[in-house]
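The structure appears right after this line, and notes come after that.
Throughout, read-outs are computed from the coordinates displayed, never taken from laboratory work. Since the structure is predicted, the reported quantities are computational estimates derived from the model, not experimental observations. For neighbour counting, all protein chains shown are included, and Cβ atoms are generated from backbone atoms with ideal geometry for every residue, glycine included.
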Amino acid sequence: MSMKILVTGAAGFIGAALCERLLTEGLQVVGLDNLNPYYPLALKQHRLTRLEALAGQCVAAPGNARRLGSFRFVKLDLVEREALRTLMQEEEFDVVVNLAAQAGVRHSITQPFDYVDSNLVGFVNLLEACRDKAPSHLLYASSSSVYGDDTRQPLQESQAGVRPLSLYAATKRSNELMAYSYAHLYGLPVTGLRFFTVYGARGRPDMAPLRFARKLLADEVIDVYNHGQMARDFTHVSDIVEGIYRLMLLPPTQEMNAAPSRVLNLGRGEPIALGNFINGLEAALGVPARKRLLPMQPGDVERTWADTSTLETLTGFRPSVSLATGLEELAEWAQQYPSLLRETDDEQSPRVGCPDEAGVAAGRHSGRMTKAGMSAMTALAFSSGTLLKA
């Protein structure tokens, strides 16, 4: 299979992981990213360096056709309309995977115009560029946040998001509607991917998995919202990438008067209590957590749970990486690259009404767990129904 793929957000967490997979499949990959400093650029450069090294290995293996992938990085912002259009016209991509966006629920509350520029203006620029030089399939990142506070779970794609709890969620739902209109008007095959809490090595430092890992390794308190009474459908990045790769080759078709457009859940299909997640991370790192229990954050929800039956029907694939396996990989990487876990500007901002150290739920520990303690923690970490204990 010889295809040229454009991946936007290629220096991001999911984007870089997808590029790695495409390279190993022998595909020509152009990675686009504006290198937004929302979190430290050292981590994005780390991902790009891995991609460049992998591309070099592919070129150095002429006897193996499957590994003849190529990678070229283009620093470009989707708001740069003419430059984006020129790139699309010159390269004539077979498939476009749009993972570029301003991420983060919390950041959208303090910096709304970042989301308007990147997630709305940038996305319509990409749609227009695809209209001019249509790929066989445009896939784009949506989010489980589009479901808002819908309590009917597991969440199904037919549950249209009409009550977004953050501007970030509203922009993602807007992307779905914008993509549908282009599919209807111009016959552009589009697939929206509602990602559910993606985690893994080289992840985003503003999300709970790496934020918790960094604070545990630094013997700092972790902030646990809604007093720990939360659950997330944690999905390992390799499962996300596998789902994207399989769907790339399955563009929606225009049947009768229906537009070639769809949205799909891409998640593990198994909500994990936040307490279980923290216990598992403690076990993987060999470090006990000190927790500060706080109220729910604005724009957050108590539980996410993906119904993945449509994904399974289309692709025959069901995400399968266990939380224990995923956390072991994350912990190994975090311990190897602690300097890449630096906090974001949002984390450094003072928290309104946040209790001081006196409100910490557990006392300071004196060091790493003993082997017996780690074994006991591992046994408890993934038992069903475990609630967060102070």
Residues M296, M230, M178 arranged by fewest to most Cβ contacts within 10 Å: M296, M178, M230
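Suppose every Lys and Arg Cβ carries +1 and every Asp and Glu Cβ carries -1, with no other charges. What dipole size does region 165-272 come out with about its Cα centre, to the nearest 20 debye?
On the way: 12 positive and 10 negative charges, 27 e Å.
The calculation lands at about 120 debye.
Normalising by the residue count of the chain, find the relative contact order in percent from Cα pairs under 8 Å and 6+ residues apart.
Details: 780 pairs, mean separation 67.1, N = 390.
17 percent.
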Built amide H within the under 5 Å cut-off of T304, gap 5+: A231, R232, D233
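Can you tell me how much longer the chain between E80 and E343 gets when fully stretched, taken as 0.36 nm per residue apart minus their C-alpha distance, in nm with one decimal? Present the calculation step by step, with values, prior to reporting the outcome.
Numbers: separation 263, 0.36 × 263 = 94.68 nm, distance 2.86 nm.
Gain on extension, E80 to E343, equals 91.8 nm.
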Inter-part distance where region 186-227 and region 1-21 are each reduced to a Cα centre, Å: 19
Shape call, region 264-337: gyration tensor on alpha carbons, a/c limit 1.5: oblate
Net lengthening on full extension, Q89/R163 (0.36 nm per residue, minus Cα-Cα): 22.9 nm
Simple label model, 7 Å out from Cα along Cβ direction - T313 to H184, nm: 2.2
Label selected from (i) 251; (ii) 139; (iii) 128, the criterion being volume of the Cα convex hull per residue in Å³ as computed here: (ii)
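Which order do F113, F123, F73 fall in if you start with the one that has the fewest other Cβ atoms within 10 Å?
Working: F113 10, F123 23, F73 18.
Arranged by neighbour count, lowest to highest, F113, F123, F73 become F113, F73, F123.
Work out, step by step, the length gained on full extension between V121 and E25: first 0.36 nm times the residue separation, then minus their alpha carbon distance; give nm to one decimal.
Working: separation 96, 0.36 × 96 = 34.56 nm, distance 3.23 nm.
My answer for the length gained is 31.3 nm.
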Label-point gap, in nm, between E255 and A42 - each point 7 angstrom along Cα→Cβ: 5.2
Shape of region 124-214, Cα gyration tensor, a/c cut at 1.5: oblate
Overall form of region 159-309 per C-alpha gyration tensor (a/c, 1.5; a/b vs b/c): prolate
